[in-house]
Each structure stands twice: as structure tokens, then as C-alpha cells.
1. Of all residues in the stretch 305-333 being part of a loop (DSSP other than H, G, I, E, B) and over 20 Å from His384 (Cβ atoms), which is nearest to ligand 1 (Cβ to nearest atom)?
2. Give the residue, chosen from Ser309, Ser295, Ser255, that is away from ligand 2 (no atom under 16 Å from the Cβ) and either without any contact (Cβ under 8 Å) to a residue 24 or more places away in the chain or not aliphatic (A, V, I, L, M) (or both).
3. Report yes if some residue within the stretch 216-225 is more than 14 Å from ligand 1 (Cβ to nearest atom), touching an Asp or Glu at 6+ places or on another chain (Cβ under 9 Å), modelled with pLDDT of 95 or more and closer than 30 Å to Gly327 by Cβ; otherwise report no.
4. Contact list please: Cβ distance under 7 Å, first residue in the stretch 47-72 and among the aromatic types (Phe, Trp, Tyr), second residue not in a strand (DSSP E or B), pairs at least six apart or on different chains.
5. Regarding the stretch 185-208, can at least one residue be identified that is hydrophobic (A, V, I, L, M, F, W, C), touching a Ser or Thr at 6+ places or on another chain (Cβ under 9 Å) and more than 15 Å from ligand 1 (Cβ to nearest atom)?
6. Looking at the stretch 361-372, which of its residues are touching a residue at least 24 places away in the same chain (Cβ under 8 Å), over 21 Å from the mean Cα position of the chain (by Cα) and surrounded by 13 or more Cβ atoms within 10 Å (Cβ to Cβ)?
7. Would you pick out the residues in the stretch 17-46 that are among the small types (Gly, Ala, Ser), over 23 Å from Val290 (Cβ atoms) and either in contact (Cβ under 8 Å) with a residue 40 or more places away in the chain or buried (at least 18 other Cβ atoms within 10 Å of the Cβ) (or both)?
8. For the stretch 92-128: of the residues being touching a Pro at 6+ places or on another chain (Cβ under 7 Å) and within 15 Å of Gly64 (Cβ to Cβ), which is surrounded by the most Cβ atoms within 10 Å (Cβ to Cβ)?
Amino acid sequence: MKIATEPPKTPGLSVSEAQACILGKIIPLDAEEVGLGEALGRALAEEVCANRDLPPYDVSAMDGYATRAADIGEAPKTLQIIEDIKAGDTPRFSLQPGQCARIMTGAPLPPGADTIVRLEDTRPLEHDKVEFPIPVKPGTDIRQRGESMREGEVVLQPGEEITPGTIGVLATVKRAKVKVVRKPRVAILSNGDELEALDEPFDPRKIPDSNSYALMAQTQALGIEPILLGIARDNPEELASFLRQGLEYDVLLISGGTSVGVHDHVRPTLAALGVTIHFWRVEMRPGHPVAFGTSDHALVFCLPGNPVSSMVCFEQLVLPALRRLMGHRRLFRRAIPVRLAKAVKTKQGRAEFVRATLSRDASGAYVATPAASQSSGNILSMTHADVLLVAPGRHNALNMDETAQAQLLESAIWQSTPDTELDGGFLL
Ligand code: AMP
Ligand code: MG
């Protein structure tokens, strides 16, 4: 009689089911107040209102002359210059018929003025006279009071991601401090007897612990500074002591030891420490033997040991969780359709994440070239990846010239040459 030595292979969750399971257990962390220097990339935790009209009065949008359009009427016309107004000045005179004022960008309009004429559309005459050779349209080049924002108007909503532009708005409304969602405290643990720590002497028979550092960097890329707990050996007592430390954090990331090998102690040890495992195995490649659990206050991700699997699981499952904890609304990497420069074989039945570089073809369309090695053990395939191409489980290949969705990784926003379209706007 044959006896099964492995647990039955029940199918795991799909990637989106796993994401829904995780996100369903997360509520954003509480708010804290930070200075503008620490606010970039955080989610706003309050509504922000304008504290004055901006501009506070009608101002000139150009260097030129403040005029009464009716005075210029049928150009050319000559007007008398009565004063110079710079940004920050208060005009001293009202414009009377036949008068104008030299005015700089951002300076307040003198009473009576209704139109700005750009300097380049005028001709200087003797000392206090200027000629307007072409007709003007009333109201030209004036920024009206309150045009950018009105006092009391809500300018930023809770949940908005703080970008450099947002920081500019916060400074505009004089918010030196702002309420944002607190960052999660994240701990990272590697697991395995074969692992060699970065600061350990070189031993050619060992496997360097790269996961602690790749996961650290993926976490840092989200603006979070994680703690590295180190390496737990494949022994339940040592592992339990590391896990106890890790469960003090908001999020614990463990790589290695989560599969079905006899030395894979992570899941049973977590269960013994009171962690509820909500799922184990996700129908994805790389990254199938991944588990997610919760204690009463911590989220626990058990990631596969293979370096690429651990990073891809972070991308698909940990990243949206950390972003939700941080109060963000946009939880997922943006995906764009790209054309495949080369075919790549995939296996049917699991969503496959294919590492690829991104370039543009002669027509400007995005083209992805899959990395030569798609082995989950080959960390080099992640180094040069701009995108993760998604091959849905129903496919057994992504064919050349086919269109696939590409999740944009950090490096994808940079390119080595400027956009040629930029030249199109100039009249040379
Ligand atoms: P495991 O998930 O423990 O079965 O490990 C699967 C593979 O990943 C093995 O070849 C391990 O040597 C490798 N591995 C596990 N942890 C790490 C790590 N922290 N850094 C690099 N490789 C690892
Ligand atoms: Mg192991």
C-alpha cells in the first residue's frame, strides 16, 4: 500500500484573493504630527484649508505695463508712465486716462488698471513715455485675487499622498506641521542553517543572506526604515525566540523555512506563539509557498526563501499591506500595457511574474524584454528588472509582439535620454 507522505495539494488562493484577504484585515495606523521635512511620501491624516486668498489681490502675470485697455483702443498709442511697481510694493496712485505704470510679475495692479501689456509688446520713448504699437484685449495677463485658492477652501483631503507639490501647498497655507498616518514598524528575519550573514567570515559552502537586505531595501523604498533581526537557524527554539521579538513589531517579514521540508519550522512555530495563519500557498510563480498570519497586533508574512520569490511576494502581497497601513489610497504598482520584444515560456495554472527591462520602439511605444534567466534563485534577474510582466494563469507563454500588463518597479520611472517630443513645442 502506498502512503502519502505530503499533505494533499489543495490549490492555494489566487493573487487577488490573497491580496483581498490581507487588506481585509488591515486598518490604517493612527496619525502623528510631523514637520514638512518629514512629510514627503506620507498619507495626509487631516483636511487642510487655505488661510488666505491667493493671490491676495489682483497681480500682474508678466513684466510689462499696467494699463486701462480703453486708453490703448486703436493702437498705436502713447501713455505716460506714473510709477514703477515691483512685487511686494503697494501702488501709490490710481491710473487716470492716458497713464500707465511699469509693473513686474507678481506686483499688485494699481487701482484703475484692467490690462497688462507685456514689455516685449511695447516701445520705450523718452523718459516717462511708452508706446503701445498693437491693440490689447482687456483683462490680459492679470491673475485675479483668489484665483489659485480662496480663504477657507479645502485644498487637501485626508488620505492624499504627500508629493513635492503637496509640500508646496502646505507651505503656501503656512502649515509647518501636518498630521500624517504613522509609519509601520517593520522587522525582517531570515531563516536557514545554510545562511551566511553579511558580517560573517566568507565560507564557500554557505549561502549569503541576501533576502534580509533586499527586503530591507524594498521596505525603505516605501519610506519605512525596518529593523533586521538577523538569521534564525532551523531549530524551533531559536526560531521561537526570534519570532517572539519580531511579533513586537507592526509587521514581521520572515523569509525561508515556510515550505513543507522537515526543517521548515516557521509556520508551526508561529502557530505555537498564537499567530493565526490565514492562508498558505498562493497560485503564483515565483512565490507559491507564501503564508500570511496575524497575531493580536502584528501582521506576519512568511515569504519563500528563494531570493526572487521573496521579492516578488513582497511586491504582490506585502507592498499593498504596508501602503494601506500607511493610510494610502493607491495601494498597487501602476501597470501599463507593453509589447513583448521576445517570447517567454510560462507554466499554466499560476499567475507568473516575469522580470523584464523596458524600452521604447521607433514609434515611441513601450517594449519589454524578459530577462534571460527567470529562475527564482537568480537575484540578478531582479537587478535589471524595470517591470514585472504578468502572465495570467491561463497562459503557457507570452508570445513575441503580444501585449502584456507590466507592473512598473522603482527603476521604470527613469530613462537615459530625454523625450524627443520635448523639441516639438519650440518655434526654432
Ligand atoms: P527555503 O524557503 O528555506 O526552503 O529556501 C529556499 C531557497 O532559498 C534555498 O535555496 C535557500 O538557500 C534560499 N534562501 C533562503 N533564505 C535565504 C536568504 N535569506 N537569502 C538568500 N537565499 C535564501
Ligand atoms: Mg530553509
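1. Gly305
2. Only one candidate qualifies: Ser295.
3. Among the residues of the stretch 216-225, at least one is more than 14 Å from ligand 1 (Cβ to nearest atom), touching an Asp or Glu at 6+ places or on another chain (Cβ under 9 Å), modelled with pLDDT of 95 or more and closer than 30 Å to Gly327 by Cβ, which makes the answer yes.
4. Tyr57/Arg145; Tyr65/Thr122
5. There is at least one residue in the stretch 185-208 that is hydrophobic (A, V, I, L, M, F, W, C), touching a Ser or Thr at 6+ places or on another chain (Cβ under 9 Å) and more than 15 Å from ligand 1 (Cβ to nearest atom).
6. Those that are touching a residue at least 24 places away in the same chain (Cβ under 8 Å), over 21 Å from the mean Cα position of the chain (by Cα) and surrounded by 13 or more Cβ atoms within 10 Å (Cβ to Cβ): Val367, Ala368, Thr369, Pro370.
7. Result: Ala31, Gly35, Ala39, Gly41, Ala43, Ala45.
8. Within the stretch 92-128, the match that is surrounded by the most Cβ atoms within 10 Å (Cβ to Cβ) is Ala101.
The values are calculated or read from the model by the stated rules, or taken from the named source; none is laboratory data. Remember, it's a predicted structure, so these values are computed and weren't measured experimentally. In this analysis, Cβ positions are derived from the backbone assuming ideal geometry, glycine residues included, and neighbour counts consider all displayed protein chains.
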